[in-house]
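As structure tokens, the structure follows; a few thoughts come after it.
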Amino acid sequence: MKPKIKDVAERAGVSPATVSRVLNNRGYLSEQTRLKVGEAVMELNYIPNDLARSLYTKKTNLIGFVFPSTANAFYGELIALMENICFELGYKVLLCNSSNHPEKEELYVDMLLRNQVDGIISGAHNRGIKDYQRSNLPVVGIDRYLSKNIPVVSSDNYQGGRLATELLVQKGCISIIHINGPRELETPANKRRDAYEDVLKKAGMPHLTYEILARSSERQIQLLIKRLFDENPEVDGIFASDDHLAARVLTEAKRRKISVPERLKIIGYDGTESMRTILPELTTIQQPLHAMAQKAVHTLIQEIEGQYNLVDTKEFIFPVKLIEGKTT
């Protein structure tokens, strides 16, 4: 049978209240008492109940992460960085893959609340989930507008879109197509599309965006890219909103024996370490993942500790960097 706090108290010769004070480091206690309780804990292999401890501390030291998929290199690396920061600060993480399903995301957020997480960091797509809007729930969005009262951490999406499109124009492209998510997602990533359109309008060139639906399968994405090439045989520049899309475009170009960069120039977005290792030749816009991870976690902890004022800063935007490879 699992030892209980009263078993530890009996072994140490103190009261259960004293054991609780030792475990929660509350109030003055002699070193002898601490040692006796510590020895009893080790002898009985007693594991404190975190939920019971939270009744005293008003904190569980649990943080919930809600993201579309850890299989995506951008999310995977960002989550790993944030989890390490949380661990160093004494927090544990509950990770939820929403798969871009609103119902699944809502169930996960409800589960996180029932587990009494201290706060949530969300990079999921779905707005309007009521639990996010609870006034007493600390939440930070990653590249997502979840509600007007939730701070957002993102890269400078407009700057990234401008750098990518201007490079394609400078390289002599005259038929440039952008691939992005649907406009109705209301995400900061839409600013990449805004910049793409603004640059081409200023240059007096046409613009065309192919939209990838949030829950598109690999097969559907492949078909959309094939359709892009079929419908636009003159295309000579493609700006994809993430490196995975850019990699698929490159694969399709090779299948059609379209030379890159001579006949077609391709730019991606994200610049994660894994994609830079797998596809070092890809020109991309690199997001500062370390800075974004640090800001997201520290902003959430400020909210948890009641030290964050939304009036001061609602959106934290970090500069991006153009990494030119062999695809342009």
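For segment 180-218, name all the residues that are of a type in the set (Ser, Thr, Tyr) and either open to solvent by less than 10 Å² (accessible area, probe 1.4 Å) or without any contact (Cβ under 8 Å) to a residue 40 or more places away in the chain (or both). Result: Tyr196, Thr209, Tyr210, Ser216, Ser217.
For every residue, the table says whether it meets (1) assigned to a strand (DSSP E or B); (2) at pLDDT 85 or above; (3) more than 20 Å from the chain's Cα centre (by Cα); (4) under 16 Å from Ala296 (Cβ atoms).
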{"site": "Ala17", "(1), (2), (3), (4)": "no, no, yes, no"}
{"site": "Ser20", "(1), (2), (3), (4)": "no, no, yes, no"}
{"site": "Tyr28", "(1), (2), (3), (4)": "no, no, yes, no"}
{"site": "Leu35", "(1), (2), (3), (4)": "no, yes, yes, no"}
{"site": "Gly38", "(1), (2), (3), (4)": "no, no, yes, no"}
{"site": "Glu43", "(1), (2), (3), (4)": "no, no, yes, no"}
{"site": "Ala52", "(1), (2), (3), (4)": "no, no, yes, no"}
{"site": "Ile79", "(1), (2), (3), (4)": "no, yes, no, yes"}
{"site": "Glu83", "(1), (2), (3), (4)": "no, yes, no, yes"}
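Here the condition is being open to solvent by 40 Å² or more (accessible area, probe 1.4 Å) and closer than 21 Å to Ile174 by Cβ; of Leu228, Leu322, it holds for Leu322 alone. For segment 234-242, the criterion of being touching a Cys at 6+ places or on another chain (Cβ under 8 Å), within 30 Å of Lys92 (Cα to Cα) and modelled with pLDDT of 95 or more is satisfied by no residue at all. Would you confirm, using the coordinates I've provided, whether Lys295 is in a helix (DSSP H, G or I) and open to solvent by 60 Å² or more (accessible area, probe 1.4 Å)? Yes.
Pairs are defined by a Cβ separation below 9 Å, a sequence spacing of at least 6 or placement on different chains, a first member in segment 148-164 that is within 24 Å of Ile301 (Cβ to Cβ) and modelled with pLDDT of 95 or more, and a second member that is of a type in the set (S, T, N, Q) and assigned to a helix (DSSP H, G or I); the pairs so defined are Val153/Thr299. Taken together, the criteria exclude Asp118 from residues that are in contact (Cβ under 8 Å) with a residue 12 or more places away in the chain and either out of contact with any helix residue (DSSP H, G or I) (no Cβ under 8 Å at 6 or more places or on another chain) or surrounded by fewer than 19 Cβ atoms within 10 Å (Cβ to Cβ) (or both). Looking at Ile221, Ile177 in this structure, which one is within 20 Å of Leu250 (Cα to Cα), open to solvent by less than 40 Å² (accessible area, probe 1.4 Å), aliphatic (A, V, I, L, M) and part of a strand (DSSP E or B)? One residue alone meets the criteria, Ile177.
Out of all the residues in segment 86-93, is one or more aromatic (Phe, Trp, Tyr), within 12 Å of Ile63 (Cα to Cα) and in contact with a strand residue (DSSP E or B) (Cβ under 9 Å, 6 or more places away or on another chain)? Scanning segment 86-93, I find at least one residue that is aromatic (Phe, Trp, Tyr), within 12 Å of Ile63 (Cα to Cα) and in contact with a strand residue (DSSP E or B) (Cβ under 9 Å, 6 or more places away or on another chain), so the answer is yes.
The values are calculated or read from the model by the stated rules, or taken from the named source; none is laboratory data. Keep in mind that what you see is a predicted model, and the values were worked out from it rather than measured. Note that each Cβ is placed from the backbone with ideal geometry, even for glycine, and that neighbours are counted across all protein chains shown. These accessible areas exclude ligands, DNA and RNA; they are computed on the full protein's heavy atoms, side chains included. Shrake-Rupley method; radii C 1.70, N 1.55, O 1.52, S 1.80 Å.
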